There are 4 protein chains.
Amino acid sequence: MRDTMKEINHFREERDWRKFHKLKDLALSVSIEAAELLENFQWKTSEEAIQENFDNIQDEIADVLIYSYMLASDLNLDIDTLILNKLEKNKRKYPLEKSKGSKQKYTEYN
Amino acid sequence: MRDTMKEINHFREERDWRKFHKLKDLALSVSIEAAELLENFQWKTSEEAIQENFDNIQDEIADVLIYSYMLASDLNLDIDTLILNKLEKNKRKYPLEKSKGSKQKYTEYN
Amino acid sequence: MRDTMKEINHFREERDWRKFHKLKDLALSVSIEAAELLENFQWKTSEEAIQENFDNIQDEIADVLIYSYMLASDLNLDIDTLILNKLEKNKRKYPLEKSKGSKQKYTEYN
Amino acid sequence: MRDTMKEINHFREERDWRKFHKLKDLALSVSIEAAELLENFQWKTSEEAIQENFDNIQDEIADVLIYSYMLASDLNLDIDTLILNKLEKNKRKYPLEKSKGSKQKYTEYN
């Protein structure tokens, strides 16, 4: 992981791209790549998408991850800590007895 | 990393949520969370966004990552391999002599 | 307007495309086109985006509108009524005395 | 139509909000609202979404339209012309003999 982040940062530093990477533009890039990922599923079932677009789906998941990692890196956030902290919050928002087997949002719980 | 993925999968399995996690819906969820991340920057500079919304920005990066990790996991893809493979492709698309200091897309190179 | 909607529907009927236009896929298409619009602004100021990408910006606004109109049409909703109803709601959420000159969300009012 | 645009512009002028409406932020807002529209379909079929979230779906289509109209207005573009011009382009990209009954992208035609 640490190595992956180093590779990502090396890639942009070697190209002198950090000067373009304003946080707002990185956030915007995550959204753009997420939509390119989603485009693989347009007019398709999940199965059709995987069968027809598996290579591109991999590339687009990677692009979402790369921009998200850059954003985290520029904010001095550790990826694993970030995820584990959020999972802890989600556990409190979605206690087992209310959430099990249900797709309700926690805002819909009574 | 491997541990983080285990935690994510444990979270959804404990809640019996895997049955909702069709790949198309996971891809759609990445887009929704990416937009929630972006919302923190709406009408704001990067600096204002960080100052006013730093906690929520962390939560939303985490949500983007969590859904992207689920998608990767369900496709039997390793996160680090996924990222490193894409960086290799990007290096070929953006050779140093064309890309250094330039924000041109590779499709605009001549 | 009514004529514009007719043209949109004629375009897809003539191609026998209505069968692909599930509501979920139309909603997903609005998001994809919105991201393509946004891509014109990536790494750019508003002014740079307009100067460099004005033609594509027009095309992408149109694509967002076309899919939104299809969605409205398939739900038997009139575009003008839809917009005017929402403006009425917004007026109630953002009363002049609280909203004037402020970019606060109504959820942040006290 | 013209009247709807006037109402939209009146709404933001009365609140002195035009100063916040940089083009890049309006484009970003279209993406955010498109994702809020999409959220109504998360983990759901089209039918479930309409049954459970019809009111919110109407509101979110309206929000996408309102920001798209503002963007068009600020660029001095007429909505109907914008749509009709794009439909003409689409007709050339998707000639009947290639597109009829097919969900292929024009980039996939041979």
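No lab work stands behind these numbers, since they all come straight from the coordinates. Source: prediction; values computed, not measured. Because the Cβ atoms are built from the backbone with ideal geometry, glycine has one as well, and the counts that use them run over all protein chains shown.
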- Task: Treat each spin label as a single point 7 Å out from the Cα along the C-beta direction, and report the D:Asp55 to C:Glu7 distance in nm.
- Result: 3.6 nm
- Under a 10 Å cutoff between Cα atoms, tell me which one of A:Glu13, A:Glu97, A:Glu47 has the largest fluctuation in the Gaussian network model of chain A. A:Glu97
- Task: Would you pull out the residues with amide H under 5 Å of A:Asp16's amide H, same chain only if 5 or more places away, H placed 1.01 Å from N?
- Result: B:Gly101
- Put +1 on the Cβ of every Lys and Arg and -1 on every Asp and Glu Cβ in chain B; which of B:Gly101, B:Asn53, B:Ile8 then has its Cα farthest towards the positive end of the dipole? B:Gly101
- Which listed residue (C:Trp17, C:Ser73, C:Leu84) has the Cα farthest towards the positive end of the charge dipole for chain C, taking +1 on Lys and Arg C-beta and -1 on Asp and Glu C-beta about the Cα centre? C:Leu84
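Rounded if a/c is under 1.5, else prolate if a/b is larger than b/c, else oblate: which is chain D, with a ≥ b ≥ c the root eigenvalues of its Cα gyration tensor? List each step's numbers first, then the result.
On the way: a/c = 2.34, a/b = 1.29, b/c = 1.81.
Oblate is the answer for chain D, as a/c is 1.5 or above yet b/c matches or exceeds a/b.
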- Cα point-scatterer Debye curve for the protein assembly as shown, base-10 log of I(q)/I(0) at q = 0.06, 0.08, 0.11 Å⁻¹: -0.25, -0.45, -0.90
- D:Tyr94's amide H: which non-local residues (gap 5+, or another chain) put their own amide H closer than 5 Å, with H modeled 1.01 Å from N in plane and none for Pro or chain starts? none
- So what's the back-of-envelope 222 nm ellipticity for chain C, counting only DSSP H runs of four-plus at -39500 (n - 2.57) apiece and dividing by all residues, rounded to 500? -23500 deg cm²/dmol
- Query: Hey, got the dipole for chain A? About the Cα centre, +1 on K and R Cβ, -1 on D and E Cβ, debye to the nearest 20?
  - Reply: 940 debye
- Note on the structure: Checking C:Leu96, C:Leu37, C:Leu26 against a Gaussian network model of chain C (alpha-carbon springs below 10 Å), the top fluctuating residue turns out to be C:Leu96
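Taking Cα pairs under 8 Å and at least six residues apart, what relative contact order does chain A come out at, in percent? It would help to have the intermediate numbers written out before the result.
Numbers: 46 pairs, mean separation 31.1, N = 110.
Once normalised by length, the contact order is 28 percent.
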- Kindly count the pairs of lysines across chain A whose alpha carbons are less than 17 Å apart, treating pairs on different chains or eight or more residues apart as eligible. 9
- Taking a crude spin-label model, label points 7 Å out from Cα along the C-beta direction, the A:Glu97 to D:Lys103 distance in nm is 4.4 nm
- Compute the label-point distances linking C:Glu97 to its equivalents in the other copies; points lie 7 Å from Cα along Cα→Cβ; give nm, one decimal, shortest first. 4.5, 6.9, 6.9
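Hey, got the dipole for the protein assembly as shown? About the Cα centre, +1 on K and R Cβ, -1 on D and E Cβ, debye to the nearest 20?
Working: 72 positive and 88 negative charges, 0 e Å.
Here the protein assembly as shown has a charge dipole of around 0 debye.
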